[in-house]
Amino acid sequence: ITQGTSEWHELRRGKVTASRVADILAKTKTGASASRQNYLIELALQRVTKTIEESYTNAAMEWGTQTEPQARVAYEVKTGNFVDQVAFIDHPTIAGFGCSPDGLVATDGLIEIKCPNSATHWSYIKANEPPQKYFIQMQAQMAVTGAKWCDFVSFDPRMPERSQLLIVNVPRDPEFILYMEAEIKQFLNEVEAEVNQMKGM
């Protein structure tokens, strides 16, 4: 099953995925954020209606999807690591939570690829670390897969050669994962309660 296909969407339907865990953890001074509440309703609706609404895509997102295979090759050439592609992996103990990593590396690693616009790519290079939302995404992927590290990769072939590829190794953070998994379990309980409410139970 290839990422992005209807079969792939069906594997993920109604489940918390790593790329959205940042929404679950988003808090405001008064409590949960709007993005958390919106995601809760979105998953509840996916479970009740058994459908996934078409998601919005723009030119930048399409560029990212088209450029990802090139980024994967650039990473393999630079590191000598072979990347194995997978569709979707479920968490071993938390039902309704899983991830679609951009690749498995070696026996205990992952890769997370971003192909953003040039200004964003350059900001990643200058910071030399992933933004917090991607740190959370990678920790979520490590929680699901048991991986010990994840390489954050940003790639832009439009840049001068020396600035095209950024690789930042992010190690597993066990303390953060414990906190995150507890938050996800709580969130999934709330999704189930919302589903029951929608069904009039």
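The values are calculated or read from the model by the stated rules, or taken from the named source; none is laboratory data. This is a predicted model, so every value here is computed, not measured. Backbone-built Cβ (ideal geometry, glycine too); neighbour counts: all protein chains shown. Quick note on the areas: whole protein, heavy atoms, side chains included, nothing else; ligands and nucleic acids left out. Shrake-Rupley method; radii C 1.70, N 1.55, O 1.52, S 1.80 Å.
Overview of values
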quantity: Boolean, residue 58 is open to solvent by less than 60 Å² (accessible area, probe 1.4 Å) and touching a residue at least 12 places away in the same chain (Cβ under 8 Å); calculated: no
quantity: Answer residue from the stretch 1-51, given it is in contact with a strand residue (DSSP E or B) (Cβ under 9 Å, 6 or more places away or on another chain) and in a loop (DSSP other than H, G, I, E, B) and is surrounded by the most Cβ atoms within 10 Å (Cβ to Cβ) among those; calculated: 15
quantity: Residue under evaluation residue 54, criteria (1) assigned to a strand (DSSP E or B); (2) modelled with pLDDT under 95, criterion not met; calculated: (1)
quantity: Those residues of the stretch 119-145 which are more than 23 Å from residue 20 (Cβ to Cβ), open to solvent by less than 50 Å² (accessible area, probe 1.4 Å) and without any contact (Cβ under 8 Å) to a residue 40 or more places away in the chain, in sequence order; calculated: none
quantity: Lone qualifier among 90, 102 - being charged (D, E, K, R), closer than 19 Å to residue 7 by Cβ and open to solvent by 50 Å² or more (accessible area, probe 1.4 Å); calculated: 90
quantity: Matching residues in the stretch 96-118 - criterion: being over 16 Å from residue 75 (Cβ atoms) and in contact (Cβ under 8 Å) with a residue 12 or more places away in the chain; calculated: 96, 97, 98, 99, 100, 108, 117, 118
quantity: Scan of the stretch 65-89 for residues that are in contact with a helix residue (DSSP H, G or I) (Cβ under 9 Å, 6 or more places away or on another chain) and under 11 Å from residue 116 (Cα atoms), ordered by number; calculated: none
